[in-house]
Amino acid sequence: MTTGLFLGKIATRSGYHAFEYSEYPSLIRGGHNIIEVRISDEKVFSQEKKVDVLVCLNEETYILHKEEVKENGMVVIDQEKIDMTKYRNLVKKFTYVNLPFNKIIKDNGLATVMINNIALGALTYLLGAEISILKSLISEQFARKGEEIINKNIKGVQLGYESVKKSNSDGYHIKIPKTKEVIPQMYISGNEIIGLGSVAAGCKFYAAYPMTPSSALLHYLASKGEKAGMVVKHAEDEISVINMALGASWAGVRSMVGTSGGGFALMVESVSLAGITETPIVVIMGQRPGPATGMPTWTEQGDLLFVLHAGHGEFPKILLAPGDIEEAFKLTIEAFNLADIYQTPVILLGDKYLQEGHQSIEYSRIKNYEFKIDRGKLLKREELDKIKDYKRYLITDDGISPRALPGMKGSLHQVNSYEHIEDGHTTEDAQQRSKQVDKRNRKTETFLKNHTRLPVLYGDKTAPLTIISWGSMKGPVLQAMKEWNGKFNLLHFTYIWPLPQKELTEMLKGLNKTLLIENNSTAQLGQLLKMVTGIELENNKLLKYSGRPIYPEEVLEKVKEMKI
Amino acid sequence: MNASTTSNPGFSGYFPTWCPGCGNFGIWAALKTAFSKLGYNPESFAIVYGIGCSGNMNDFLWVNSFHALHGRSLPNAIGIKIANRDLPVIVIAGDGDCYGEGGNHLIHAARGNHDITVIIHDNRVYGLTTGQVAPTAIKGFKAKSTPSGIIEVEINPVALSVSQGATFVAQGFSGDINHLVDLIVMAVEHRGFSLVNVFQPCVTFNHKTTYQWYRERIYKLSNDNHDPSDITKALNKSLELEGKIPLGVIYKNERPIYTDSLIQLKDQPLIEAKLDIDLSSFMAEFI
């Protein structure tokens, strides 16, 4: 995994954009692993089917991926170990570069794991990148492990570099020399930037139980907890996870949990608890293919309707689905504000594709992003002093009641999983019940008035076709658009729920032809939009549920098929 | 229900809806006395209630409180304590709630030595759902869900929590309020995970373990007959389930509480930590 990370960072430190997509099986070690890194002088939105350079660390890689290499592409492989003559009839116009990994390792007494560094060194030469960048990446990565380890790794790099320099001095025909002015960029995964967003938002309690694809968020925050002043708790199960977070939130700290579908299923009863107790909580829900254990290390957008309906009973809920890492950062921060403002669960729908992949982003876009921490109607000491008879569930016009924290003088209240009256005491009174339901429901109306954001239209407004999609499938569609601008635009949803019926209906009615693109088998956004607007969008759809993301090539093929 | 809520330090809420003669009354009285003895006022601490007849006490005490889901009061309490380490946190739940639905949480709360106090109303039956067996029901007990008698043996909450790392475990009886008050005060004052298992007759659905049944079996532990700091002796006492039943502090020991190990809480409780952080130092590693 570090190999892909280093390659991406070589690109960003040389002044290019990069995007990473990885595939690996649900095994601890071994199995077939691939990392695809796309590098460009323009922004890269997604992976693509065809690759320029295929580096094969073993023969299996060649067998499985040779068809993906572009014409005039390059294959780097250990021809001293692997007999390539048997593939002779398959050879297209590839350039084959012999990189004798095994011999290099043996001759220099290196550890087998150095194969990655040899490959990186070779790639650096072939792509015309500066080896000093790679060397500093290694020095930074292994800084804590000391000079000896750093030198061993650099030796591997150097050997790979020298080897291909000798055998293939021209390198690949496309190169990534360091540009004159390198704008600082971050190369960061979705999980890491969600973690960064939560730190920025002042999250002080994160609880989780490990589950792909959100485990890396737990790892990231656990490693930063002390520095960020955030308590990170790996609890005994997801039920405990969300209930600890709700306890911490009631006591007054911004709290978040992270999981995937199976873990979220266990949390669902407590999502409902957050709804009736009106306790803010942010849930990072990283989708992966289900049902049940499904395909743990692969990707899907199959949980939209599950999450939308999660929790028994009726209560307001906010669903957000970032389309890329920049949106993941901003929406994580916004999720905390919305949770505090509306005192209800806010769920961020990610997936393996977004959370585990790395993307480049200009440093300044994150550094200079301006935001406010808005804790909504959380009462300050002096505000609470002015209230004589504090009522936690005070009936208000906007549905939101002022929130005092336990332990504050004058805060006496209870939060109650039973239906309750304004001060929190249990009730089964018909009128009181209806009043509290109405109060909670009014929060949705207030949201629609104050925080609704309609889907964003990307591309040529006058294009004859509008692709409708949501969350992480933004990337593949935008990447496809680069190939074929003008033919279609993209209406992309990040605000999934609540949706404004009137404005949305008008917006959808104004569209020409539409094509629904989702990474699931039942067009869940299409179903939701039909539910809200009555408009049937499923006539044209591209759905993929093989555990793999949609590729830009598949978008283009579908558009072509539609004969626009 | 007659609303007579006050915010006086008497902790009184609505008048209880429990059945006349219910053991909950004794525990209720003991809790209010214990809170007064501890010098608490209704805003100076927090109670997390489970769901059940015992959890309904949320309306009969008027204290800052969180009425949780069935089985989940312990993780709520742990979260509250981590967020505000200065706030005393007490859990009031029943045997079905804490030993059945939420059994897993009990094990892990004990392991963590979270500084919370758990008061369990142990009546060996489900009252609020009208009389099914609880995990503490004595083997063979006949109830609506086990008409031929429960096949499982009863759970042993004292042995379980002692063996899983609880640092204060006591057993009380709702029919002996004064003794129970002392146990509750000691449990709350104990720094670490404390559990008081309170035997409580259910006069409506359990005609086996009645006041009389307990009175014939209970005896009190004292320095003369028990050393609570000795875990082996404590575990031996925990095995006295039906013949003679010990009341008092069964186990007590000291070890660091969970929040002691969190350097994030060294200077201030989590709720007072500053929210705005300079992100630059977090961003550098990604360049």
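Structure above, values below:
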{"item": "Highest average packing first - A:373-385, A:132-144, Cβ atoms within 10 Å", "result": "A:132-144, A:373-385"}
{"item": "Structure-based [θ]222 nm, chain A - -39500 (n - 2.57) summed over DSSP H runs of at least 4, per residue, nearest 500", "result": "-12000 deg cm²/dmol"}
{"item": "Difference of contour (0.36 nm per residue) and Cα-Cα distance, A:L454 to A:Y545", "result": "30.1 nm"}
{"item": "Helix B:73-83 axis, angle to chain B major axis (alpha carbon atoms, nearest 10°)", "result": "30"}
{"item": "Trypsin sites (Lys or Arg not before Pro) lying in DSSP loop within segment A:460-564, provided at most 16 other Cβ fall within 10 Å", "result": "A:K461, A:K563"}
{"item": "Nearest 10 degrees, 0 to 90: helix A:524-533 Cα axis against chain A principal axis", "result": "40"}
{"item": "Calculated FRET value between B:S280 and A:K81, using beta carbons and R₀ = 51 Å, to 0.05", "result": "0.65"}
{"item": "With Cα atoms, 0 to 90° folded angle of helix B:24-38 axis to chain B main axis", "result": "40"}
{"item": "Low-density loop cleavage sites - trypsin sites (Lys or Arg not before Pro) in segment A:1-62, where at most 11 other Cβ are within 10 Å (DSSP)", "result": "A:R29"}
{"item": "Segment A:456-561 shape via C-alpha gyration tensor axes, a/c threshold 1.5", "result": "oblate"}
{"item": "Anisotropy class of segment A:2-182 from Cα gyration tensor, a/c 1.5 cut", "result": "rounded"}
{"item": "Order of A:F94, A:F488 under a 10 Å beta carbon neighbour criterion, fewest first", "result": "A:F94, A:F488"}
{"item": "Loop-exposed trypsin sites (Lys or Arg not before Pro) per DSSP, neighbour cap 10 Cβ within 10 angstrom, longest uninterrupted part of chain B", "result": "B:1-265"}
{"item": "Sparse-neighbour loop sites [trypsin sites (Lys or Arg not before Pro); segment A:151-199; at most 13 other C-beta within 10 Å; DSSP]", "result": "A:K175, A:K180"}
{"item": "FRET E, pair B:E240, A:I395, Förster distance 56 Å, beta-carbon r, rounded to 0.05", "result": "0.55"}
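No lab work stands behind these numbers, since they all come straight from the coordinates. Bear in mind the structure is a predicted one, so any value in this text is a computation, not a measurement. Glycine also receives a Cβ, built like all others from the backbone with ideal geometry; neighbour counts cover every protein chain displayed.
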